[in-house]
Amino acid sequence: MRKAVCILLMLLMTVWAAGSAAADAPQGMRVVNCSEWVSLRERPDRSSTRLARVPLGEVVINCAPSAGGFVACEYAGQRGYILAAYLEPVASPPVQETSGLPVLGAFSSETEADYRFDASLEEPAAGILYTAGEDVTLFQVLSLDTELTDDGTGKYHVRVLCTVPEMEKGTTVLVRVSFIGDLPENGIAYMDRNGDRHVCAVEMSGEDGSLRMWEIQAE
């Protein structure tokens, strides 16, 4: 009887410890201790399918401890596993969704949307789900050619990749993009309900892995 009670107490302590570790797990972690990149795998197994290559210094989010020395995490809209030895906590969890604009953007692993478009076929690629917070027209997915000027600011030249004539409030557009290099290469444009045109650059922050979207002056 005493032996059974001891075993039960040990099991309860193990469950409590696991729950406590999960609760204390950092939400954002940075890739370290590698030469170029680490593998984001489909399962917590070294031989599992590689979903993406996560470059040194990049940040993964929504992290939680997993089996076999792995950490469950999310990168560029994909959920997978990275060995804990290649990750370290970042100071604060990133914000995933933009706000304050008529069209919101967020990384997403969803495959369903009202409209879908592949802006890039290069890997690694991420899915961005744009949602109309109000009725907008002439929503466009853009390719940006960013030129640095002498004063250190950016000069943006845009190329329209696709157009959605009208988006009612709540309409979604899923765009597959790649983030390559240090300068913004992706963007969107649309007309708000007042007839004002907005042009926004879209990029993934190298600091915390969040999606950044801000208005720009484009040619």
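The values are calculated or read from the model by the stated rules, or taken from the named source; none is laboratory data. These numbers come from a predicted model, not from an experiment. Positions of Cβ are generated from backbone atoms using ideal geometry, with glycine treated the same way; all protein chains shown enter the neighbour counts.
Selection of region 184-194 for residues being closer than 17 Å to Thr163 by Cβ and not aliphatic (A, V, I, L, M) yields Asn186, Gly187, Tyr190, Asp192.
State all residues of region 31-45 that are surrounded by 12 or more Cβ atoms within 10 Å (Cβ to Cβ) and either within 14 Å of Gly80 (Cβ to Cβ) or in contact with a Phe, Trp or Tyr (Cβ under 6 Å, 6 or more places away or on another chain) (or both); if no residue qualifies, say none.
Listed by number, the residues that qualify are Val31, Cys34, Trp37, Val38, Ser39, Leu40, Arg41, Glu42, Arg43, Pro44, Asp45.
If the condition is being surrounded by fewer than 21 Cβ atoms within 10 Å (Cβ to Cβ), in contact with a strand residue (DSSP E or B) (Cβ under 7 Å, 6 or more places away or on another chain) and modelled with pLDDT under 90, then region 180-192 contributes Leu183, Glu185.
Take Val164 and tell me if it is over 25 Å from Val60 (Cα atoms) and at pLDDT 80 or above. If you could, list the steps in order and put the result at the bottom.
On the way: over 25 Å from Val60 (Cα atoms): yes; at pLDDT 80 or above: yes.
Here the answer is yes, as Val164 does meet what is asked.
The residue that is surrounded by the fewest Cβ atoms within 10 Å (Cβ to Cβ), among those in region 46-82 that are within 16 Å of Phe107 (Cα to Cα) and not hydrophobic (A, V, I, L, M, F, W, C), is Arg79.
If you go through region 34-71 one residue at a time, how many are aliphatic (A, V, I, L, M) and in contact with a Gly (Cβ under 6 Å, 6 or more places away or on another chain)? So the count comes out to 4.
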